[in-house]
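Novice: Below is the structure I would like to discuss, written out as structure tokens.
The values are calculated or read from the model by the stated rules, or taken from the named source; none is laboratory data. Everything numeric in this text was worked out from a predicted model, so none of it was measured. We place every Cβ from the backbone using ideal geometry, glycine too, and count neighbours over all the protein chains shown.
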Amino acid sequence: MEVKELKAAFKETYNKNAEAVYFSPGRVNLIGEHTDYNGGFVFPCALSFGTYLLMSKNSDKKMRFKSLNQPEIVELELDQLTTPLEGRSWVNYPLGCIAQFVKRGIKIEEGYDMLIWGNVPNGAGLSSSAALEVVTAYAFNEQLGTGYDRTELAKIGQLSEHEFALVNCGIMDQFASAQGKKDHAIFLNCDTLQFELVPVKLQGVKVVISNTHSPHKLDSGAYNARVAECKTAVEQLNKVRPLKYLAELTEEEFKNVESAITDEVAHKRARHVVGEVQRTTDAVKALKAGDIEAFGKLMNASHVSLRDDYEVTGLQLDTMAEEAWKIEGVIGSRMTGGGFGGCTVSLVKDEAIDTFVAEVGKNYKAKTGLDAEFYIAEIGDGACRVE
Ligand code: GLA
């Protein structure tokens, strides 16, 4: 949908014009998976698709939320902004962000009519929820004149996810949505939140996203279990080596202390994290040196580790990656995001893209019964005011 059409939809819904239009993108992570909540490195980029938020102040002190994908308008009083709605309502994502302003002592004395629409495929692991959170945080930061920087807005989005969506996620998705830059990936240290924007200038190669159409369920179940398993590993390691995060260990150091992790599952999870942090550092070096082949090999190794040690892939993601690896002209391919369904990300030579789409699509369908969908990723900017 064009902004023009969204403004018309706003007018139709609320019988007045939208005063402001904001946008925040989804993201694709190139490498560095399940490292963020372990204090490690990630390397995501913002996409050109994301979530729009149109809003106008109202005079009746109500917060009204309308999504173009949902039939109803949800209306709340200004004293109802810090309590999550029951039943996993989509409103909890924006509401959880507004709640963070209130919790920081910011007085919200006026109501807003809001209309939301996004083009990030839902449940694809491309951070549609982070896009919704960050667009809300960005909009209210401006409307309320709070002056938080983009990193703070990412933290607001992450807290909304923790407290209102009950997912103990790391900071990667919200950070990428807030800080993204066109044609750059973000090399982020998730412990210090220091980051570097690294140009992604690929000569004759495209970033291709393959949607398994097997929705990932980033609910409080499997994802939070991984977070807890990493915590167990840290606790057991602490008997021999004081540390806060798994990412503090180099692979060499890990070899010396890994026997302290007596929980077998926690041990595998930790091995993935330590290896993935190293792979991410190596991948960024390779990209800077123009060694795209080395980058691709690290992507493949990342997938294998997420499959065997972290166990967040499954038939659909594994089939998608394995079928991609067979195609000549594929430089690397791996699952991206939380896992358990969703998307893979691949680097594919221009001349191989048609074969890639046809062959991977056909073989994926034969093995899983599902239709894949492919997008050529355009790396876009972070949150902004559109109008
Ligand atoms: C989800 C979470 C992120 C990150 C990834 C895995 O996208 O929201 O914080 O943990 O999974 O890398």
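Per-residue answers, yes or no, for (1) within 16 Å of the ligand (Cβ to nearest atom); (2) touching a helix residue (DSSP H, G or I) at 6+ places or on another chain (Cβ under 7 Å):
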residue	(1), (2)
N224	yes, no
T232	no, yes
E248	no, no
I261	no, yes
V265	no, yes
V273	yes, yes
T281	yes, no
G290	no, no
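Novice: Counting just the residues of segment 134-154 that are closer than 13 Å to Y112 by Cβ and of a type in the set (S, T, N, Q), which one comes out surrounded by the fewest Cβ atoms within 10 Å (Cβ to Cβ)?
Specialist: If we take residues in segment 134-154 being closer than 13 Å to Y112 by Cβ and of a type in the set (S, T, N, Q), then Q143 is surrounded by the fewest Cβ atoms within 10 Å (Cβ to Cβ).
Novice: Could you grab me the full set of residues in segment 136-194 that are free of Cβ contacts under 8 Å to residues at least 60 places away in the same chain, assigned to a helix (DSSP H, G or I) and of a type in the set (S, T, N, Q)?
Specialist: Those that are free of Cβ contacts under 8 Å to residues at least 60 places away in the same chain, assigned to a helix (DSSP H, G or I) and of a type in the set (S, T, N, Q): N141, T151, Q158, Q174.
Novice: Right, next: Which residue pairs have Cβ atoms under 6 Å apart, sit 6 or more places apart or on different chains, and have a first residue in segment 11-25 that is in the same structural domain as F65 (by TED's automatic domain parsing) and surrounded by 14 or more Cβ atoms within 10 Å (Cβ to Cβ) and a second that is in a loop (DSSP other than H, G, I, E, B) and aliphatic (A, V, I, L, M)?
Specialist: Cβ pairs passing all conditions: V21/V386; F23/V386; S24/A383.
Novice: Please work out which residue is farthest from the ligand (Cβ to nearest atom), limiting yourself to segment 1-16 and to residues that are in contact with a strand residue (DSSP E or B) (Cβ under 7 Å, 6 or more places away or on another chain) and modelled with pLDDT of 95 or more.
Specialist: By that ranking, first place goes to K16.
Novice: If you don't mind, another one. In the list K239, K255, K268, which residue meets the criterion of being of a type outside the set (S, T, Y) and within 26 Å of the chain's Cα centre (by Cα)?
Specialist: Going through K239, K255, K268 in turn, just one is of a type outside the set (S, T, Y) and within 26 Å of the chain's Cα centre (by Cα): K268.
Novice: While we're looking at this one, here's another question. So S210 clears everything in (1) away from the ligand (no atom under 12 Å from the Cβ); (2) within 17 Å of G339 (Cβ to Cβ); (3) surrounded by fewer than 20 Cβ atoms within 10 Å (Cβ to Cβ) except one condition, right? Which one?
Specialist: (3)
Novice: Can you confirm whether P121 is outside any strand (DSSP E or B), modelled with pLDDT under 95 and surrounded by 15 or more Cβ atoms within 10 Å (Cβ to Cβ)?
Specialist: Criteria met by P121.
Novice: Residues D191, D183: which one is touching a Lys or Arg at 6+ places or on another chain (Cβ under 9 Å), away from the ligand (no atom under 16 Å from the Cβ) and farther than 30 Å from K365 by Cα?
Specialist: It is D183.
Novice: Out of all the residues in segment 328-380, which are part of a helix (DSSP H, G or I), free of Cβ contacts under 8 Å to residues at least 24 places away in the same chain and among the small types (G, A, S)?
Specialist: Matches in segment 328-380: A358, G361, A366.
Novice: Return the only residue of K217, K239 being at pLDDT 95 or above, not assigned by TED's automatic domain parsing to the domain that holds V134 and not in a strand (DSSP E or B).
Specialist: So the residue among K217, K239 that is at pLDDT 95 or above, not assigned by TED's automatic domain parsing to the domain that holds V134 and not in a strand (DSSP E or B) is K239.
To keep it simple, each residue is scored yes or no on (1) within 14 Å of the ligand (Cβ to nearest atom); (2) assigned by TED's automatic domain parsing to the domain that holds T83; (3) charged (D, E, K, R).
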position	(1), (2), (3)
K107	no, yes, yes
L144	no, yes, no
V167	yes, yes, no
F187	no, yes, no
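Novice: Out of the residues in segment 95-118 meeting the condition of being without any contact (Cβ under 8 Å) to a residue 60 or more places away in the chain and not in a loop (DSSP other than H, G, I, E, B), tell me which one is surrounded by the most Cβ atoms within 10 Å (Cβ to Cβ).
Specialist: Step by step, filter segment 95-118, then rank; the result is I98.
Novice: I've got another one for you. Find all pairs meeting these conditions: Cβ atoms under 8 angstrom apart; at least six residues apart or on different chains; first residue within segment 220-234 and on the phi > 0 side of the Ramachandran plot and assigned by TED's automatic domain parsing to the domain that holds G170; second residue basic (K, R) and within 13 Å of the ligand (Cβ to nearest atom).
Specialist: From segment 220-234, no pairs qualify.
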